[in-house]
1. For every other residue with a beta carbon closer than 15 angstrom to the beta carbon of A:Asp7, add +1 if it is Lys or Arg and -1 if Asp or Glu, then tell me the sum.
2. Give the average over all directions of the projected area of the C-alpha convex hull of the range B:4-110, one decimal, in nm².
3. Using square roots of five times the C-alpha gyration tensor eigenvalues, list the equivalent-ellipsoid semi-axes of the protein assembly as shown in whole Å, biggest first.
4. Where both residues lie in the range A:5-110, what percent of DSSP beta bridges are antiparallel, nearest 5?
5. Mind telling me which of B:Phe74, B:Phe101, B:Phe33 comes out most flexible in a GNM of chain B, alpha-carbon contacts under 10 Å?
6. What pairs from B:Lys3/B:Lys71; A:Lys106/B:Lys57; A:Lys26/A:Lys98; A:Lys98/B:Lys71; A:Lys70/A:Lys103 go past 20 Å between their alpha carbons?
7. Summarise the partner chain shielding of B:27-35 as one whole number: the mean count of Cβ atoms from other chains within 10 Å of each residue's Cβ.
8. Going by C-beta contacts inside 10 Å, put A:Glu55, B:Glu62, B:Glu56 in order with the fewest on the left.
Amino acid sequence: SQQGEEDPQALSIQEGENATMNCSYKTSINNLQWYRQNSGRGLVHLILIRSNEREKHSGRLRVTLDTSKKSSSLLITASRAADTASYFCATDARGSEKLVFGKGMKLTVNP
Amino acid sequence: DVKVTQSSRYLVKRTGEKVFLECVQDMDHENMFWYRQDPGLGLRLIYFSYDVKMKEKGDIPEGYSVSREKKERFSLILESASTNQTSMYLCASSTLRTRLFFGPGTRLTVL
């Protein structure tokens, strides 16, 4: 069963613009993570936010978490062509070691 | 540098063959995971293991089995490969409730 769902499924922007991706999930979680995948490769971890945190920053990335709405957003500021990739959110439900991924969303940053 | 390696990047097998996908991690992680990734479906968890000789079914275990005889190695077995098991297989490892480290993936084609 898919826990997280990313929105939009695809986003195309110009270099220098900001990109915002949203993730909704269904059950109470321990933490929420975002990953990036370049075409045909394994996933790379971007950022983890715990259920008791509301916002977290890492370089050009900003993640927010709203546990009351069961949603998270990932903001990439000043996007670059190299940010072109698929992005996934993943959650682990309380009491479980399983990490369940959403279907992913494809970001294209045009130079 | 931490590493998760998978035995093959590309694999072509015939229907009915027994297929072994090997995954090795060098980080002394307790948890190891096998996912398959298909277009439009995202990553789906097949099996995971939280300790040597321990395994838990994920969301789509049918047609697969796993083996974890040593902490660093987690094998995925397709007892009798079928065409609907053609997919990208991703192995990952983690320590308790933290980020996953992914291998590069194995693209399996079953003819």
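Every read-out reported here was derived from the displayed coordinates using simple, explicitly stated rules and does not represent laboratory data. Not measured: the values here are computed from a predicted model. Every residue, glycine as well, gets a Cβ built from its backbone with ideal geometry; the counts of neighbours run over all protein chains shown.
1. +2
2. Averaged projected area of the range B:4-110's Cα convex hull equals 6.0 nm².
3. Equivalent ellipsoid of the protein assembly as shown: 29, 20, 15 Å, largest first.
4. Bridges in the range A:5-110 are about 90 percent antiparallel.
5. Between B:Phe74, B:Phe101, B:Phe33, it is B:Phe101 that shows the largest mean-square fluctuation.
6. With Cα atoms farther than 20 Å apart: A:Lys106/B:Lys57.
7. Neighbouring Cβ atoms belonging to other protein chains average 1 per residue here.
8. By the 10 Å Cβ count, ascending, the order reads B:Glu62, A:Glu55, B:Glu56.
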